[in-house]
Amino acid sequence: MAAPADGLGFNLSALTQYVDETSFELISKAVLGTKLATYVDVRAGLKGNSVAIPLLEDTFNVQDGNVCGWNADNTASISQVDMCISHPKVQHEFCPQALRDTFLAKSLAAGQFGSSESLPEEAVFANYFVEKLQNYNEKYIITGSTALGCDGIQQPISASATIANGRVVSAASASWTSANSVSQSQELYEALPGEVSIADDLIMIVSVGDYKALALGVTQGNYYHIAPDLENLYIPGTNVRVVASAGIKDQTNGLNTRFMTRASNIILGTDLTGDFEEFRLWYSLDNDQIRATMKWAIGMAVVQPDLVVGANLTRAQA
């Protein structure tokens, strides 16, 4: 027996078919479509609950090519960064009547260009869950999950960074406003270790509130050579891209967490190659319900926490 449909176009079987055809795209978007995932090092195909990511180091001694003979005066070593992989899941059930009323209201909304501008109901429903998952994953990248037993990037960075070793910049720990955000972000840049200061993939990860303060600070500081593009905000005088993360909570006192490092120093792990991950919405005839289940894999690792500088690193996050 087919899933029911009413005369207004709310077809439950269309919902199931749409998700079945786009399930990989939807779960990939949920994991890789977060703001931070756009810039950090993403490793797919990771299995299990823990993965050791190999790192190669070499002395790379350069010798005089005018001297004949063989002298392999170099030493290579392989180290590893351990990544804890979480396997979250979300399950929901919905009353078809409530969904029909919701989408009926949407379909009757006034539109300048008629009904052609509206997304199909199944796309709206699926995109709702994608946005929810992206928001969760953005927070997970920063703090991990105590319930799932894995850390985000904040824990190893906080354990490594102190004011004494210069990794915590006290001057940048104050509340940011449009008046001081530029100078304080430049303080963070000045504190970066020399070996990464001229890297071409530097990022500063801040809260949404701090991002807005810096964007206004750049504008009000008459930095006319910097295009007013909120998708490409850089600290004036540097090549540091500023990335706003919903995973960093704006504190009531403005003492928000801020990180700065190479984007390649942060690794996001996922799978996306196996059968475990799924994004499914279907009509359960026996229960007369729309049911949803989403499962995915995600893990975070920091290659070298000593190459990160920041402020307020131990603050609670969203």
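Just a few scattered comments:
- The listed residue being closer than 14 Å to Ala161 by Cβ, surrounded by fewer than 16 Cβ atoms within 10 Å (Cβ to Cβ) and out of contact with any strand residue (DSSP E or B) (no Cβ under 8 Å at 6 or more places or on another chain), out of Thr314, Thr273, Thr252: Thr314
Per-residue answers, yes or no, for (1) assigned by TED's automatic domain parsing to the domain that holds Gln17; (2) assigned to a strand (DSSP E or B); (3) modelled with pLDDT under 95:
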{"residue": "Asn239", "(1), (2), (3)": "no, no, yes"}
{"residue": "Gly247", "(1), (2), (3)": "no, no, yes"}
{"residue": "Thr252", "(1), (2), (3)": "no, no, yes"}
{"residue": "Phe259", "(1), (2), (3)": "no, yes, yes"}
{"residue": "Leu272", "(1), (2), (3)": "yes, no, yes"}
{"residue": "Arg280", "(1), (2), (3)": "yes, yes, yes"}
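- If you go through the stretch 23-39 and keep only what is among the charged types (D, E, K, R) and touching a strand residue (DSSP E or B) at 6+ places or on another chain (Cβ under 8 Å), you end up with just Lys35.
- So Ala52, is it surrounded by 10 or more Cβ atoms within 10 Å (Cβ to Cβ) and in a strand (DSSP E or B): yes
- Any chance Arg100 is of a type in the set (Lys, Arg), at pLDDT 80 or above and touching an Asp or Glu at 6+ places or on another chain (Cβ under 8 Å): no
The values are calculated or read from the model by the stated rules, or taken from the named source; none is laboratory data. This is a predicted model, so every value here is computed, not measured. Virtual Cβ from ideal backbone geometry, glycine too; neighbours counted across all protein chains shown.
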